[in-house]
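This report concerns only the one structure given below.
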Amino acid sequence: MHIGSEKASSLDLLSVVVASLSDGYGLDSSTGDAFVENRLLIIVVVLVCCVAIFFVWRSSGRKPVEPPKLLVVKTQMDTKEDQGKKKVTVFFGTQTRTAEGFAKALAEEAKARYPNAIFKVKDIDEYATEDDEYEENLKKEILALFFLATYGDGEPTDNAARFYKWFTEGKERGTWLENLQFGVFSLGNQQYEHFNQQYEIVNMNSAKHIVQVGLGDDDQGIEDDFSAWRELLWPELDKLLQDENETGASTPYIAAIPEYRVVFVKLE
Ligand SMILES: Cc1cc2nc3c(=O)[nH]c(=O)nc-3n(C[C@H](O)[C@H](O)[C@H](O)COP(=O)(O)O)c2cc1C
């Protein structure tokens, strides 16, 4: 049996096994028919085993292993405590987390101001696992705040790209966001040609602005822009979220980005 320099095929392997068996085990031919039958049976069994092993080896080596499916909890149930409270969703589209920082800082301050409302901060990508869920979920929103950074040539951030594509391609959806009231703080840098372009996407539907768009300029002082926008936002949120007898509680503002924080040091 010749096995060439190339990789031996499975047939070569079988032939070697068969040949070695048919060469015998050093017994002479006088052992009779029964022995011949046994040898044939052994050969057949060995052949079947080899073929089976070959197929198992082939399938185990090539079959792509499917990753375990993630368990996605689609909707978060409101706790008993949350029931009856007004809900505000704070979305962020970010690349280097400034928008996320602002979203979280605003939500924290708002929680203290409006104890009868619930503020939930959401990564805009994680808000919907399937595109259809964007519509399904957004229809349930009454009040939302968007913090959206602009990248590239007026492009969305990576985590907002799917939402952006779905939202801008859906002009035929008509006036489906009419129940939604919203505010936008946009993050950009005026050195770029397409300054703060991202906020325009949320202007395209029938949702109503509660406050003018905040244009954050990273080239000048985006933290100041954010502070100024917040001052415009609070009176509008007061109207929407405060009960009649409540007065707005002013809370100390903690800068969202540590590098902008002012620290007062008592000199000795
Ligand atoms: C690579 C790059 C591209 C950018 N492109 C734009 C742009 O086209 N338009 C704009 O207004 N700002 C642009 N910016 C500025 C960012 O939007 C700005 O720094 C923003 O505060 C970043 O927010 P983030 O930290 O939440 O991602 C760009 C910044 C970088 C680093």
Checklist entry - Can you pick out the pairs among LYS111/LYS165; LYS85/LYS111; LYS122/LYS165 whose Cα atoms lie more than 23 Å from each other? => result LYS111/LYS165
Checklist entry - Check TRP176: other-chain or 5+ apart residues with amide H under 5 Å from its amide H, H built from backbone geometry? => result SER206
Item to check | Evaluated at q = 0.10, 0.11, 0.17 Å⁻¹: base-10 log I(q)/I(0), Debye formula over Cα of region 152-248 | outcome: -0.34, -0.41, -0.89
Next on the checklist: With a 1.4 Å probe and all protein chains left in place, how much of the accessible area of region 141-189 comes from carbon and sulfur atoms, in whole percent?
Outcome noted: 48
Checklist outcome for this item: In Å², rounded to a whole number, the accessible area per residue of region 81-168 with probe 1.4 Å is 44
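The values are calculated or read from the model by the stated rules, or taken from the named source; none is laboratory data. Values in this document were obtained by computation on a predicted structure and should not be read as measured data. Remember, those area values only see protein heavy atoms, side chains included, never the ligands or the DNA or RNA. Shrake-Rupley method; radii C 1.70, N 1.55, O 1.52, S 1.80 Å.
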